[in-house]
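> Below you'll find the structure I mean.
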Amino acid sequence: MKGPFFIGVAGNIGVGKTTFTQMISEHFDWDPHYEVVVDNPYLEDFYSDMMRWSFHLQIFFLSKRFQVQKTITRLQRTTIQDRTIYEDANIFAKSIFELGNMTERDWDNYRELFGEMTSYLKSPDLIIYLQAGTDSLISRIKKRGRDYEQSMDLEYLHLLNMRYDQWIGELQKSGDIPVLLIPTDGHDFVEEQDFRKDIFRRVEQRLTDLYG
């Protein structure tokens, strides 16, 4: 493979993005960048009162991912990012607004800021979309046991899944950002070595097909 590349790992809550990012970065010796979860000062508050904290949470994520993506564009090695800045607006903030947990004023403000910030950024060379059904996500979320996720609104999680499939479909149709879709229902990155190796092979082949 040529390079360096900027690769984004996309997928809903609980699908296994962080685990996958770690494994593929070690396999190919790529630089990983992980989503800020543990140090997020708004996450627990958001799950207990979405309306009150939604705008604060989304601005925090937008700021952190903008900082990371600016850093990525300056690197000379292939870099893989656990969740992209584009998911913030097209999936999470949009779903929160549609569920009535963000005011129209805040949503308009957020979209304007997002558009301005992303105009300065380089798009990923490839997005790897880890896809799973809502039932699979619920099972994985329960298994990893983060307290603040256990009371998550299932309607919210299902809407996120619908928005992910819609967004990825739009990217595939437009060709604006190349996509590799990986269905993960019934599979485990950690336990299934053959499944993991097949994904790595598919990623390498996709990058080769795209960039030589």
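Quick note: the coordinates plus some simple rules give every number you see, no bench work behind them. These numbers were taken from a predicted model, which means no experiment stands behind them. Because the Cβ atoms are built from the backbone with ideal geometry, glycine has one as well, and the counts that use them run over all protein chains shown.
> Give the aspartates and glutamates reachable from LYS2 as a straight Cα distance under 19 Å; neighbours fewer than 8 places away on the same chain don't count.
GLU26, ASP29, ASP31, ASP125, GLU204, ASP209
> Can you give me the angle between helix 154-174 and the longest principal axis of the chain, using Cα atoms only, in degrees from 0 to 90, rounded to the nearest 10?
It works out to around 50 degrees.
> If the limit is 24 Å between Cα atoms, which of LYS142/LYS197; LYS143/LYS173; LYS64/LYS94; LYS17/LYS142; LYS94/LYS143; LYS17/LYS122 go over it?
Working: LYS142/LYS197 26 Å; LYS143/LYS173 35 Å; LYS64/LYS94 18 Å; LYS17/LYS142 16 Å; LYS94/LYS143 27 Å; LYS17/LYS122 21 Å.
The pairs that break the limit, which is 24 Å between Cα atoms, are LYS142/LYS197; LYS143/LYS173; LYS94/LYS143.
> Each residue of the stretch 72-86 in turn: what ³J(HN,Hα) in whole Hz from Karplus with 6.51, -1.76, 1.60 and θ = phi - 60°, glycine and Pro shown as x?
Taking θ as phi minus 60°, the curve returns 4, 5, 8, 7, 9, 10, 4, 10, 10, 10, 7, 6, 9, 5, 6 Hz for the stretch 72-86.
> Right, another one. Could you work out how far apart the two model spin labels at GLU170 and ARG105 are, taking each label as a point 7 Å from the Cα in the direction of the beta carbon, and quote it in nm?
2.6
> For Cα pairs less than 8 Å apart in space and 6+ apart in sequence, what is the mean separation divided by the residue count of the stretch 119-212, i.e. the relative contact order in percent?
On the way: 58 pairs, mean separation 38.2, N = 94.
Relative contact order comes out at 41 percent.
> Per the Kirkwood definition applied to all pairs of different Cα atoms, how many angstroms is the hydrodynamic radius of the chain?
Values: mean 1/r = 0.0564 Å⁻¹.
Mean inverse Cα-Cα distance, inverted, gives 17.7 Å.
> What is the Cα radius of gyration of the stretch 88-179 over 2.2 N^0.38 Å, N being its residue count? Could the numbers behind the result be given before it?
Values: Rg = 15.0 Å, N = 92, 2.2 N^0.38 = 12.3 Å.
The reported ratio for this selection is 1.23.
> To continue, here is another question. Mind listing the long-range amide H neighbours of GLN131? Cut-off is under 5 Å, sequence gap 5 or more, other chains count too, H placed in the peptide plane at 1.01 Å from N.
Sorted by chain and number, the residues that satisfy this are ILE182, THR184.
> Per residue of the stretch 65-71, what does 6.51 cos²θ - 1.76 cosθ + 1.60 with θ = phi - 60° give for ³J(HN,Hα)? Whole Hz please, x for Gly and Pro, Karplus curve as stated.
Listing the rounded values in order: 6, 4, 4, 5, 5, 4, 5 Hz.
> R0 = 45 Å: FRET efficiency of ARG201 with SER119, Cβ-based, nearest 0.05? List each step's numbers first, then the result.
On the way: r = 35 Å, r/R0 = 0.79.
After rounding, the FRET efficiency stands at 0.80.
> Can you give me the angle between helix 134-144 and the longest principal axis of the chain, using Cα atoms only, in degrees from 0 to 90, rounded to the nearest 10?
90
> Could you give me the ³J(HN,Hα) list for the stretch 16-31, computed from phi with Karplus coefficients 6.51, -1.76, 1.60 and θ = phi - 60°, whole Hz, x at Gly and Pro?
x, 4, 5, 4, 5, 4, 5, 5, 6, 5, 5, 5, 9, 6, 9, 8
> Long-range amide H contacts for VAL179: which residues qualify at under 5 Å (H placed 1.01 Å from N, peptide plane, sequence gap of 5 or more or a different chain)?
It is ILE127, by chain and number.
> Please state the charge dipole magnitude for the chain, taken about the Cα centre, from unit charges on C-beta atoms (+1 on K and R, -1 on D and E), reported in debye and rounded to the nearest 20.
Details: 25 positive and 34 negative charges, 122 e Å.
The calculated dipole for the chain is roughly 580 debye.
> Let me ask something additional. In whole percent, what relative contact order does the chain give with Cα contacts below 8 Å and a gap of six or more residues? Numbers along the way, then the final one.
Values: 270 pairs, mean separation 66.5, N = 212.
Relative contact order of the chain: 31 percent.
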